[in-house]
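Comments concern the structure below.
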Amino acid sequence: MRIGFDGTCLANRRGFGRFSRLLLDALARQAPADMELIVFLDRPSAAAVTLPTGVVPRIVDVAQAPAAAASASGRRRVGDMLAMSRAVARAKLDVMYFPATYTFFPVWNVRRLVVTMHDTLALAHPDLVFPTRKGRVAWLVKEHIAARMADRIVTVSETSRRDLQSWFRLPADRLRVVTEGPAPVFRPGDTGPEADRVLRRHAIPSGSRYFLYVGGLSPHKNVPRLVEAFSRVAAPGVFLVVVGDFGDVFHTDVAAIRAAIDRHGIGGNVILPGFVPDDDLLHLYRRAVALVQPSLMEGFGLPPVEAMACGTPVVASRAGSLPEILGDAGLLFEPTDIGSIAGCLRRILDDLPLRDRLAGLSLQRSHAFTWELAARQLLECLLELGPTRRLRPDGSAGRRLVG
């Protein structure tokens, strides 16, 4: 069985890229011996990508990396998309898989197509994702084309599955859930001298207590409201550390975040280290009072699972999938209610027994989310669409007739 994997977003440093890399690694480890896994890469990004053992790379010449062209203000070149499409068409695949519609391109001469749609954020709230009307329309068209072409749509939580089914009016059998998980680096452990060195490197005062935000700096992440809520609990030795990539290709809210910091006069209590690599981020998670995830919508919420895997409590929005992911292992607030956010920050800052209890529950809860499970779930989806299968009218898989 020949499986194609779109690798054009593997170099992305946001959630799409992390999901693609970690899922591909786990998929390569678990793929059966008779499965050939072909990863399609664009030449501009190929040098920045490390592929797992056993996969077959197909590098395609394009003018611009799709991960950059598919940015909030970018524009995909028709010639580049056709180059990727032709490469896939020549590969004689049984199934083509896209780990995100972010870098989706039309395909033909492929038996079956599976795409991952992480959430309905850009469909329901396009103004939070794209700064221009042109970008919103382009994404809307691309999502509808992908949904129409796909034999199966994969998503990352039951919440997103329900949202997508309702938005596109899909039969339940066309959707599958493939979970996410923390990278192996994120685990509980010592917070000794190495952690002190990492915190100093990122300008976090030794011995301080801090709340941690990790993720994109886009409007839907709701960071300005987090800054305002934090201003109500800020005190000497208490900080908010906002980890996010200032060079992100997505729609950014950095100006509003900085304005909120200045407006509330807490510049001395908010630290903006920018992008932090995983080996350092591990120590930031372990030392934090709590991770705070204030998003207006999340399809999954990978930073909360990473924090939980380190034994760090999570304070999060009630929006999207976050209540599903956290279960009873976190504190939840209303994302548009500053008082609700501040109240949760104050509770976990002042109540050490509560924090310790949630830390234990978080670590236990994190064990439900692994990339090994994600790979098994995806393999089940791919195998049911294999060359010996055909789709019945109801969308379920049956045996393909062999003449």
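General remarks:
- Comparison of R187, R176, R162 shows that the only residue that is more than 15 Å from the chain's Cα centre (by Cα) and without any contact (Cβ under 8 Å) to a residue 24 or more places away in the chain is R162.
- Residues located in segment 3-25, provided they are of a type in the set (V, I, T) and either assigned by TED's automatic domain parsing to the domain that holds L217 or out of contact with any Pro (no Cβ under 7 Å at 6 or more places or on another chain) (or both): I3
- L199 buried (at least 18 other Cβ atoms within 10 Å of the Cβ), under 15 Å from Q293 (Cβ atoms) and not charged (D, E, K, R): no
- Count - residues of segment 286-323 that are surrounded by fewer than 24 Cβ atoms within 10 Å (Cβ to Cβ), in contact with a strand residue (DSSP E or B) (Cβ under 6 Å, 6 or more places away or on another chain) and among the small types (G, A, S): 1
- Verdict on R133 being of a type in the set (D, E, K, R), free of Cβ contacts under 8 Å to residues at least 40 places away in the same chain and either in contact with a Ser or Thr (Cβ under 8 Å, 6 or more places away or on another chain) or over 21 Å from A11 (Cα atoms) (or both): yes
- If the condition is being under 11 Å from the mean Cα position of the chain (by Cα) and either crowded, with 24+ Cβ neighbours inside 10 Å or not in a helix (DSSP H, G or I) (or both), then segment 9-22 contributes N12, R13, R14, F19, S20.
- Test: residue in segment 342-357 that is touching an Asp or Glu at 6+ places or on another chain (Cβ under 9 Å), crowded, with 21+ Cβ neighbours inside 10 Å and either of a type outside the set (S, T, Y) or part of a helix (DSSP H, G or I) (or both): no
- In segment 202-224, of all residues being out of contact with any Ser or Thr (no Cβ under 7 Å at 6 or more places or on another chain) and part of a helix (DSSP H, G or I), the one that is farthest from V292 (Cα to Cα) corresponds to P219.
- Checking the stated criteria, D6 turns out to be of a type in the set (D, E), crowded, with 21+ Cβ neighbours inside 10 Å and touching a residue at least 60 places away in the same chain (Cβ under 8 Å).
- Set side by side, the residues R357, R376 differ, and just one is modelled with pLDDT of 95 or more, among the charged types (D, E, K, R), assigned by TED's automatic domain parsing to the domain that holds V110 and farther than 30 Å from H264 by Cα, which is R376.
- Some residue of segment 316-324 being among the acidic types (D, E) and part of a loop (DSSP other than H, G, I, E, B): no
- Selection count where residues are surrounded by 15 or more Cβ atoms within 10 Å (Cβ to Cβ), of a type in the set (A, V, I, L, M, F, W, C) and assigned to a helix (DSSP H, G or I), scope segment 257-269: 3
- Within segment 85-119, if we keep just the residues that are out of contact with any helix residue (DSSP H, G or I) (no Cβ under 9 Å at 6 or more places or on another chain) and among the aliphatic types (A, V, I, L, M), the residue that is nearest to L378 (Cα to Cα) turns out to be L93.
- Restricting segment 136-173 to residues that are of a type in the set (K, R) and closer than 22 Å to F105 by Cβ, the residue that is surrounded by the fewest Cβ atoms within 10 Å (Cβ to Cβ): R148
- If the condition is being at pLDDT below 95, closer than 19 Å to V110 by Cβ and not acidic (D, E), then segment 21-34 contributes only A31.
Yes/no matrix, rows are residues, columns are (1) under 22 Å from I348 (Cα atoms); (2) touching a Phe, Trp or Tyr at 6+ places or on another chain (Cβ under 8 Å); (3) surrounded by fewer than 19 Cβ atoms within 10 Å (Cβ to Cβ):
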{"residue": "V177", "(1), (2), (3)": "no, no, yes"}
{"residue": "V185", "(1), (2), (3)": "no, no, yes"}
{"residue": "G207", "(1), (2), (3)": "yes, no, yes"}
{"residue": "Y210", "(1), (2), (3)": "yes, yes, no"}
{"residue": "Y213", "(1), (2), (3)": "yes, no, no"}
{"residue": "L217", "(1), (2), (3)": "no, yes, no"}
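- From the list L272, L281, L199, the lone residue that is closer than 19 Å to G301 by Cα, of a type in the set (A, V, I, L, M) and either assigned to a strand (DSSP E or B) or in the same structural domain as A316 (by TED's automatic domain parsing) (or both) is L281.
- Residue satisfying all of: in segment 236-290; without any contact (Cβ under 8 Å) to a residue 12 or more places away in the chain and among the small types (G, A, S); nearest to S208 (Cα to Cα) among these: G268
- Scanning segment 99-135 for residues that are more than 20 Å from the chain's Cα centre (by Cα) and surrounded by fewer than 16 Cβ atoms within 10 Å (Cβ to Cβ) turns up P106, W108, N109, P131, T132, R133, K134.
The values are calculated or read from the model by the stated rules, or taken from the named source; none is laboratory data. This is a predicted model, so every value here is computed, not measured. We place every Cβ from the backbone using ideal geometry, glycine too, and count neighbours over all the protein chains shown.
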